[in-house]
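The next block holds one structure in the form of structure tokens; read it before the comments.
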Amino acid sequence: MMILGLVRWMQPVHGYDVRRELLSWSADKWANVQPGSIYHALRKLTDEGLLRTVSVEQVGARPARTTYEVTAKGEEEFETLLRAQWWQLNEPPDPFVAAFSFLPAMPRDEAAAALRNRANLLRAGVESMRASLDSDWVRNRKPVHVGWMFELWLARAEAEMAWCERIAERIESGVSYLPAGLEQAEGWSGRSEGAPDAE
């Protein structure tokens, strides 16, 4: 959707300019658009009939530069993808959630320390985002909605930061990881103390 949308917005446009624009948005960090895959994606979208080649320019020994624009089929696909993301809730996979599901395998002191470290990393990111929000770069050089996106990222980071601190305190307090009555259940020996089951 990102590449299709950018071609639609900037057309006619070279692949290089699409790549440069996506990098300026840091889309590799929040939209999982990797710089090395952009040219491949442009060719694939062209093969699928969503983009069309307007021209191919060769200047000296430089690589050929292809200019693209969106087809009618591409317009329709972009609208479909755009609305799907606006009207649906899609939870991205989070490796931390996978790791947290094995909380009892971590020693309590290490788990609490790791959560506090995560909160500190998030705090550093929040400070950086706040500085960006207050900067001339966001206030005067970017569309207003870019600032609103920063506000969304800030709210998410602040919520996770608070959660990390809260759970670290609970872990340190020695609270059992299991509901009352299951601490002694077969197969759960030692889980309330953070020790994994022996195989």
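Kindly provide the helix-only [θ] at 222 nm of the chain, computed as the sum of -39,500 (n - 2.57) over DSSP H runs of four or more divided by all residues, to the nearest 500 deg cm²/dmol?
Calculated from helices alone, the mean residue ellipticity at 222 nm is -19000 deg cm²/dmol.
Have a look at the chain and give its Rg and Dmax from the Cα atoms, expressed in angstrom.
Final numbers for Rg and Dmax: 23.8, 76 Å.
Ranked from highest to lowest mean number of other Cβ atoms within 10 Å per residue, what is the order of the peptides 80-87, 105-112?
Output ranking for 80-87, 105-112: 105-112, 80-87.
Using the Kirkwood formula over every pair of different C-alpha atoms, what hydrodynamic radius in Å results for region 61-120?
Numbers: mean 1/r = 0.0602 Å⁻¹.
Hydrodynamic radius (Kirkwood, Cα pairs) of region 61-120 is 16.6 Å.
Stick to Cα atoms and the Kirkwood definition of Rh, then tell me Rg/Rh for region 88-187.
Taking Rh as the inverse mean 1/r over Cα pairs, Rg/Rh reads 1.13.
Under 5 Å between amide hydrogens, which residues at least 5 positions from V54 or on another chain qualify, with H placed 1.01 Å from N in the peptide plane?
Under 5 Å from the amide H of V54 lie the amide H atoms of T67, Y68, E69, each far enough along the sequence or on another chain.
Explain nothing, just the number: relative contact order of the chain, from Cα pairs under 8 Å at least 6 residues apart, as a whole percent. If you can, show how the numbers build up before the last one.
Numbers: 191 pairs, mean separation 36.8, N = 199.
Normalised by residue count, the contact order of the chain is 18 percent.
Under a 1.4 Å probe, what is the accessible area of the chain per residue, stated in Å²? Don't jump to the answer; show the numbers that get you there.
Numbers: 13460 Å² over 199 residues.
Per-residue value: 68 Å².
Computing the accessible area with a 1.4 Å probe over protein heavy atoms, can you report the carbon and sulfur percentage for the chain?
56
How large is ³J(HN,Hα) for each residue in region 112-117, as worked out from phi by the Karplus curve 6.51 cos²θ - 1.76 cosθ + 1.60 (θ = phi - 60°), to whole Hz, x for Gly and Pro?
5, 5, 5, 5, 5, 5
Give me a comma-separated list of calculated 3J(HN,Hα) values for region 85-91, in order, Karplus coefficients 6.51, -1.76, 1.60 applied at θ = phi - 60°, integers in Hz, x for any Gly or Pro.
Once rounded to whole Hz, the list reads 6, 6, 9, 10, 9, 10, 7.
S37: accessible area at probe 1.4 Å, nearest 10 Å²?
Rounded to the nearest 10, the figure is 50 Å².
How many percent of DSSP beta bridges within the chain run antiparallel, rounded to 5?
Within the chain, antiparallel bridges account for around 100 percent of the total.
Enumerate the whole-percent occupancy of each 5 Å bin, from 0 to the last occupied one, for all C-alpha pair distances of region 1-111.
2, 10, 17, 18, 16, 10, 6, 6, 5, 4, 3, 2, 0
Between V33 and residues 5 or more places away or on another chain, which pairs have amide H atoms under 5 Å apart, with H built 1.01 Å from N, and which residues are they?
Those qualifying (amide H under 5 Å, at least 5 residues apart or on another chain) are D28.
The values are calculated or read from the model by the stated rules, or taken from the named source; none is laboratory data. All figures in this text were calculated on a predicted structure; none of them were measured in a lab. Methodologically, a virtual Cβ is constructed for each residue, glycine included, from the backbone with ideal geometry; neighbour enumeration extends over all protein chains shown. All accessible areas refer to the heavy atoms of the entire protein, side chains included, with ligands and DNA or RNA removed. Shrake-Rupley method; radii C 1.70, N 1.55, O 1.52, S 1.80 Å.
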